[in-house]
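Contents: one structure, followed by commentary.
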Amino acid sequence: MELRLYDTLTREKRVFRPLDSARVRMYVCGPTVYDFAHIGNARPVIVFDVLFRLLRHLYGAKHVKYVRNITDVDDKINARAAERGVPIRDLTEETYKNFKDDVAALGCLEPTVEPRATEHIAEMKTLIERLVESKHAYVAEEHVLFAVSSMPDYGKLSNRSLDEMIAGARVEVAPYKRNATDFVLWKPSKPGEPSWPSPAGIKAPGRPGWHIECSAMSWKHLGEVFDIHGGGIDLVFPHHENEIAQSRCAFHTGAMANYWMHNGFLQVEGEKMSKSVGNFLTINDQLDHWGGSVLRLNMLKTHYRQPIDWTQTNLKEMGRELTRWTDLTQSNSEDDQDGVRTIVEALNDDLNTADAITQLRGFYKSKNVSALRVGMELLGLSTDPKSIQGRKHKRMYVEAGHISITGQSVQLTIAPGSIEKLIAARNSARSARNFSEADRIRDELATMGVVLKDSKDGTTWELAR
Ligand SMILES: [Zn+2]
């Protein structure tokens, strides 16, 4: 089956045909770097990472360009920096670094380019000048505003008519706006805020609005029209609607991107996530409790367009499932391309990760080690057993009779190699139905603080607590 993707703009699943198969181009709106990203922000990052992997598989890694921007100039950033009393640049650098660490732990590949808004002010100003010249934008009280009424089919992505929007506008209308729905392309900066020389003959220094940032960065790195534009469903209106308006009117094109993809909402334990409810989860604190692969599997078991309920019960279940899978993948096997084909087939159907995971369960059941391994890799799920535990989990590092548990060292009275030998001796005793000997070995280890755990996959050991 060919790759088919659901396009929010045309509201149908369509066969994916890149404009240029030697250069498949995707843009996804990235974070505004002012605070730790919440777990809802992890959803587009993971979903579009799977699409990036799939496109690389289908077209070759060198032929796919994935751009995910960094919004490092924004009102929220200015407010937070002032609140914390730190320079803006320090806040954005620190937050960006945390974000990079978080998404790496989630098993995401780095995008081809991660452009920063503050490094694309010149492109934004060029777009703004063009829009003013072509009467799609106007200057009012040192602001530049996009004239929504200049674009007859504005609102197509979110399926809103311009008349309805103007009638229903409840935002407090700034007096300098011609229409309530007109949006800011450029605005003056207050003292102390980041500022640049303004476009369109405005004397006072200013800064860009959020929407123009993405139009400028996608243009610079992907061109006037590109293949896929992605983001969370909350960005459809107004952000993506406004990106389309800016780019199409600046370049006089019929489209900004040929496929618009949006992931669904995420709620926590059946409720909308909010700081006031106290169920606000950051990626960073989830990683303390769960390994990145568990979070990733939990995200991907629901199709990206469906809403997802983020629950502890599901995370535990995914942790157990991933443990079984990674255990099985530790055994040797030949590479089996059937696994790849099956997973690609599932993903080709509008990135059906839920189906792909059902296939992985089948591979596990039939003990098809290589198919399970390559399938997991294609979904970006680590086969390393260490990827299951969170950072705060007590980790044991065993080295020549010496064990350290998250920094604290304890001297073992028995070398780990000897523990393994005793386990083997106990296993032979059990096979010979000599249960008193098996119990004696278990008790001997227990006196040395080593606890055995038997499961259908074999015997493991850990330190008594
Ligand atoms: Zn954007």
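Side notes on the structure shown:
- First in the range 72-90 and part of a helix (DSSP H, G or I), second anywhere and of a type in the set (D, E), Cβ under 7 Å, 6 or more apart: N78/E193; R80/D35
- Applying a threshold of 8 Å to beta carbon distances and a minimum spacing of six or more residues, or different chains, the list of pairs starting in the range 310-326 at a residue that is without any contact (Cβ under 8 Å) to a residue 24 or more places away in the chain and ending at one that is open to solvent by less than 10 Å² (accessible area, probe 1.4 Å) and part of a helix (DSSP H, G or I) reads N314/N298.
- Of all residues in the range 229-244, those satisfying the criterion of being of a type outside the set (F, W, Y), in a helix (DSSP H, G or I) and within 13 Å of the ligand (Cβ to nearest atom) are D234, L235, V236, P238, H239, H240, E241, N242, E243, I244.
- Enumeration of residues in the range 41-54 that are within 16 Å of the ligand (Cβ to nearest atom) and either touching a helix residue (DSSP H, G or I) at 6+ places or on another chain (Cβ under 9 Å) or open to solvent by 20 Å² or more (accessible area, probe 1.4 Å) (or both): N41, R43, P44, V45, V47
- Verdict on L235 being aliphatic (A, V, I, L, M), open to solvent by 10 Å² or more (accessible area, probe 1.4 Å), more than 29 Å from A180 (Cα to Cα) and modelled with pLDDT of 95 or more: no
- Residue within the range 109-121 that is of a type outside the set (V, I, T), more than 17 Å from Y34 (Cα to Cα), surrounded by fewer than 18 Cβ atoms within 10 Å (Cβ to Cβ) and free of Cβ contacts under 8 Å to residues at least 24 places away in the same chain present: yes
- Residues that are in a loop (DSSP other than H, G, I, E, B), among the polar types (S, T, N, Q) and within 19 Å of V236 (Cβ to Cβ) occur at least once in the range 138-159.
- Scanning the range 194-224 for residues that are out of contact with any Lys or Arg (no Cβ under 9 Å at 6 or more places or on another chain), open to solvent by less than 40 Å² (accessible area, probe 1.4 Å) and either at pLDDT below 95 or more than 12 Å from the ligand (Cβ to nearest atom) (or both) returns I202, A204.
- Residue that is over 23 Å from D285 (Cβ atoms), open to solvent by 50 Å² or more (accessible area, probe 1.4 Å) and either touching a residue at least 60 places away in the same chain (Cβ under 8 Å) or within 16 Å of the ligand (Cβ to nearest atom) (or both), where the choices are H63, H57: H57
- Of all residues in the range 416-465 being in a strand (DSSP E or B) and not hydrophobic (A, V, I, L, M, F, W, C), the one that is surrounded by the most Cβ atoms within 10 Å (Cβ to Cβ): T459
- Looking across A245, A167, A180, A174, one residue alone is more than 23 Å from the chain's Cα centre (by Cα) and modelled with pLDDT of 95 or more. It is A245.
- Meets criteria (within 16 Å of the ligand (Cβ to nearest atom), assigned to a strand (DSSP E or B) and either open to solvent by 30 Å² or more (accessible area, probe 1.4 Å) or of a type outside the set (S, T, N, Q) (or both)) for R25: yes
- Within the range 257-284, residues that are on the phi < 0 side of the Ramachandran plot and assigned to a loop (DSSP other than H, G, I, E, B) have Cβ atoms under 7 Å from residues that are open to solvent by 10 Å² or more (accessible area, probe 1.4 Å) and of a type in the set (S, T, Y) in these pairs: F280/S274, counting only partners at least 6 apart in sequence or on another chain.
- Note on the range 142-164: among residues that are at pLDDT 90 or above and small (G, A, S), the one that is nearest to the chain's Cα centre (by Cα) is S158.
- For P199, the conditions (1) in contact with a helix residue (DSSP H, G or I) (Cβ under 6 Å, 6 or more places away or on another chain); (2) assigned to a helix (DSSP H, G or I); (3) farther than 18 Å from Y154 by Cα all hold with the exception of (2).
- In the range 245-256, the residues that are small (G, A, S) and in a loop (DSSP other than H, G, I, E, B): G254, A255
- Remark: pairs (first residue in the range 95-106, in a helix (DSSP H, G or I); second residue among the hydroxyl-bearing types (S, T, Y); Cβ separation under 8 Å; 6+ apart in sequence or on different chains) = T95/Y34.
- Filter result for the condition that a residue is within 16 Å of the ligand (Cβ to nearest atom), among the hydroxyl-bearing types (S, T, Y) and touching a Lys or Arg at 6+ places or on another chain (Cβ under 9 Å), over T112, T71, T92: T71
The values are calculated or read from the model by the stated rules, or taken from the named source; none is laboratory data. Model, not experiment: these values are computed from the prediction. Here the Cβ is made from the backbone with ideal geometry for all residues, glycine too, and neighbour counts use every protein chain on show. We work out accessible area using only protein heavy atoms, side chains counted, and drop any ligands, DNA or RNA first. Shrake-Rupley method; radii C 1.70, N 1.55, O 1.52, S 1.80 Å.
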